[in-house]
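The values are calculated or read from the model by the stated rules, or taken from the named source; none is laboratory data. Values in this document were obtained by computation on a predicted structure and should not be read as measured data. With ideal geometry, Cβ positions are generated from the backbone for all residues, glycine too; neighbour counts draw on all protein chains shown. With ligands, DNA and RNA removed, areas are computed over all heavy atoms of the protein, side chains included. Shrake-Rupley method; radii C 1.70, N 1.55, O 1.52, S 1.80 Å.
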Amino acid sequence: DVAVTGVQTCALPISSYFGLTVPTLQNVLVDGVSGSAGSDTDEVCLDIEVAMALAPGLSKIMVYEGPNTDSGVLNTYSRIASDNIAKAVSSSWGAPEDWNTVSFRNSENAIFQQMAAQGQSIFVASGDRGAYDDADRPSTLEVDDPASQPYVTAVGGTTLFANASTGEYVSETSWGTSSLGGGGGVSSIWSQPSWQANLSTAANRGSVSMRMVPDVSLDSNPSTGYPVFTRGAWYAIGGTSAAAPLWAAFAAIVNQGRVANGVARLGFANPALYQIGQSSAYSSSFHDIADGSTNRYYPAVQGYDLSTGWGTIKGPGLFAVLSSGVLPPSAPTSISLIAGPSSLTVSWSGGNGASAYKIFRADSANGPFSQIGTVNAPATTFVDGTASGVNFYYVKATNTSGESAASPMESGAAGQRAPSAPTGLAGVLQ
């Protein structure tokens with residue numbers, strides 16, 4: 001099931017036009033709303049229809065409807081959490097971080113923590129003004145709440161280019177125009193979560209201490225957007241409001257696969273997504289947008305960036321990893337060397353999920369590095385009996401889903417053991 005927040009009113013001729021099965025649409029009314037059509041009809045039709053399109057086997061879409069007020073927003077999120085029925089949730093509500101009170105943001109945070117703890121995934125649109133989310137301060141870098149919350153997956157935007165004849169994927173670039181773009185940047189509120197630690201920020205203008213958004217992206221440019229039937233006609237609609245429900249629909253498919261494989265549902269997705277992003281499974285799981293394009297400020301660079309996050313879904317690869325329940329291992333977190341007369345013992349702190357470790361060595365810090373050995377977990381030591389001169393080492397963790405990033409690098413030389421400290425001290429008083 002997918003829960004889509006907003007005000008529901010939509011006919012669904014898209015189902016007959018594209019040959020889709022119409023899922024059950026269940027309204028859940030919060031704080032006394034009537035369920036009648038409101039001003040956000042287009043938004044809600046978009047959410048429902050793209051979710052149907054990406055996950056055509058959905059049996060039910062639950063539409064939570066609440067007032068567009070602070071209390072209405074909180075009570076609607078709280079109802080989704082307390083019901084705990086929908087395990088893949090999409091929201092396109094949002095406002096600049098500085099528009100919300102501390103109390104409001106903390107209340108959101110508590111609800112999202114509850115969702116994460118009970119295995120619900122929530123995907124949130126990152127906003128459509130690019131890096132400058134606050135219309136009242138159009139030249140100030142600003143991100144959206146709740147996209148910047150640490151227990152949600154923030155979904156940014158791209159511009160998609162497809163083959164006009166076949167519809168096949170060609171390429172993507174950041175969505176960014178003179179006034180619009182995929183939301184992204186650095187939170188001024190939330191500290192950096194553990195799953196964003198150790199990301200390189202040298203090229204992407206990121207932060208080493210604060211939460212960065214988005215986490216992932218999908219096509220959001222209205223010019224390359226989605227056919228949506230609303231208000232009695234067809235329209236091309238885009239925005240990160242389209243990307244978020246698409247990610248939620250993909251999570252629903254992943255959950256179906258995980259249940260079939262006998263593993264728990266995906267739940268809070270970011271730890272898994274970032275672990276994949278920092279592994280050898282990244283290239284088969286994501287389209288990495290790395291062409292230097294921007295969301296009006298932040299450049300799209302190799303790997304994670306604040307314009308497109310990790311990039312967009314490569315369906316078969318990402319589904320295979322996430323549905324298996326076996327993530328690529330995390331990287332070893334440290335490495336140390338103990339020199340012997342004719343050998344070097346390499347030790348490291350293990351990576352989560354590792355089944356084995358590969359040890360690499362080079363004669364200089366710039367490489368080239370060659371693999372010199374493999375040990376099976378849980379062992380975390382390797383004796384290099386062929387070391388000569390000064391050597392540089394790093395270790396990678398592996399399992400059936402892929403290979404981790406490298407551990408920190410360390411150098412040393414056989415036979416260069418540091419002297420031991422004196423064990424006693426005596427003096428003569430004269």
Subject >> strands (runs of 3 or more DSSP E) contained in the stretch 205-261 and holding at least 3 residues closer than 22 Å to D40 by Cα and open to solvent by 10 Å² or more (accessible area, probe 1.4 Å) >> reply: 226-230, 233-237
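One line per residue, one yes/no per condition, for (1) in contact (Cβ under 8 Å) with a residue 24 or more places away in the chain; (2) under 20 Å from A203 (Cβ atoms); (3) assigned to a strand (DSSP E or B):
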{"site": "R265", "(1), (2), (3)": "yes, no, no"}
{"site": "P271", "(1), (2), (3)": "yes, no, no"}
{"site": "I276", "(1), (2), (3)": "yes, no, no"}
{"site": "I289", "(1), (2), (3)": "yes, yes, no"}
{"site": "G292", "(1), (2), (3)": "no, yes, no"}
{"site": "Y297", "(1), (2), (3)": "yes, yes, no"}
{"site": "G303", "(1), (2), (3)": "yes, yes, no"}
{"site": "S307", "(1), (2), (3)": "yes, yes, no"}
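Condition check ((1) at pLDDT 90 or above; (2) touching a helix residue (DSSP H, G or I) at 6+ places or on another chain (Cβ under 9 Å); (3) among the aliphatic types (A, V, I, L, M)) across all residues:
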| site | (1), (2), (3) |
| --- | --- |
| V321 | yes, yes, yes |
| P332 | yes, no, no |
| G340 | no, no, no |
| G350 | no, no, no |
Original post:
Would the stretch 35-42 turn up any residue that is part of a helix (DSSP H, G or I) and under 27 Å from A233 (Cβ atoms)?
Top reply: yes
**OP:** Give the stretch 333-357 a look and list any residue that's closer than 29 Å to G262 by Cβ and in a loop (DSSP other than H, G, I, E, B), or say none.
**Re:** G350, G351, N352, G353, A354, S355
**OP:** Check L327, L318 and return the single one that is within 27 Å of F250 (Cβ to Cβ) and either part of a helix (DSSP H, G or I) or of a type outside the set (A, V, I, L, M, F, W, C) (or both).
**Re:** L318
Subject >> Qualifying residues in the stretch 136-170 (those that are acidic (D, E) and over 13 Å from S188 (Cα atoms)) - the one modelled with the lowest pLDDT >> reply: D136
Original post:
So R265 fits all but one of (1) within 26 Å of N352 (Cβ to Cβ); (2) out of contact with any helix residue (DSSP H, G or I) (no Cβ under 6 Å at 6 or more places or on another chain); what number is the exception?
Top reply: (2)
Subject >> Residue within the stretch 74-82 that is surrounded by 24 or more Cβ atoms within 10 Å (Cβ to Cβ) and in contact with a helix residue (DSSP H, G or I) (Cβ under 6 Å, 6 or more places away or on another chain) present >> reply: yes
**OP:** Kindly establish whether T381 is open to solvent by 30 Å² or more (accessible area, probe 1.4 Å), of a type in the set (S, T, Y) and free of Cβ contacts under 8 Å to residues at least 60 places away in the same chain.
**Re:** yes
**OP:** Answer yes or no: is there a residue in the stretch 109-116 that is closer than 29 Å to N255 by Cα, free of Cβ contacts under 8 Å to residues at least 60 places away in the same chain and in contact with a strand residue (DSSP E or B) (Cβ under 7 Å, 6 or more places away or on another chain).
**Re:** yes
**OP:** Could you tell me whether any residue of the stretch 26-45 is buried (at least 23 other Cβ atoms within 10 Å of the Cβ), within 20 Å of M115 (Cα to Cα) and either touching a helix residue (DSSP H, G or I) at 6+ places or on another chain (Cβ under 8 Å) or at pLDDT 95 or above (or both)?
**Re:** no
Original post:
Which of (1) of a type in the set (S, T, Y); (2) open to solvent by 20 Å² or more (accessible area, probe 1.4 Å); (3) closer than 30 Å to R265 by Cβ; (4) at pLDDT 95 or above is the odd one out, the single condition T374 does not satisfy?
Top reply: (3)
Subject >> Residue list for the stretch 54-85, filter: without any contact (Cβ under 8 Å) to a residue 40 or more places away in the chain and either assigned to a helix (DSSP H, G or I) or among the charged types (D, E, K, R) (or both) >> reply: D70, V73, L74, S78, A81, S82
**OP:** Name the single residue, out of those in the stretch 127-164 being outside any loop (DSSP other than H, G, I, E, B) and among the charged types (D, E, K, R), that is most open to solvent (accessible area, probe 1.4 Å).
**Re:** R129
**OP:** Using the structure shown, decide if A264 is within 29 Å of C45 (Cα to Cα) and among the small types (G, A, S).
**Re:** no
Original post:
Just wondering, is there one or more residues in the stretch 94-107 that are within 25 Å of F250 (Cα to Cα) and free of Cβ contacts under 8 Å to residues at least 40 places away in the same chain?
Top reply: no
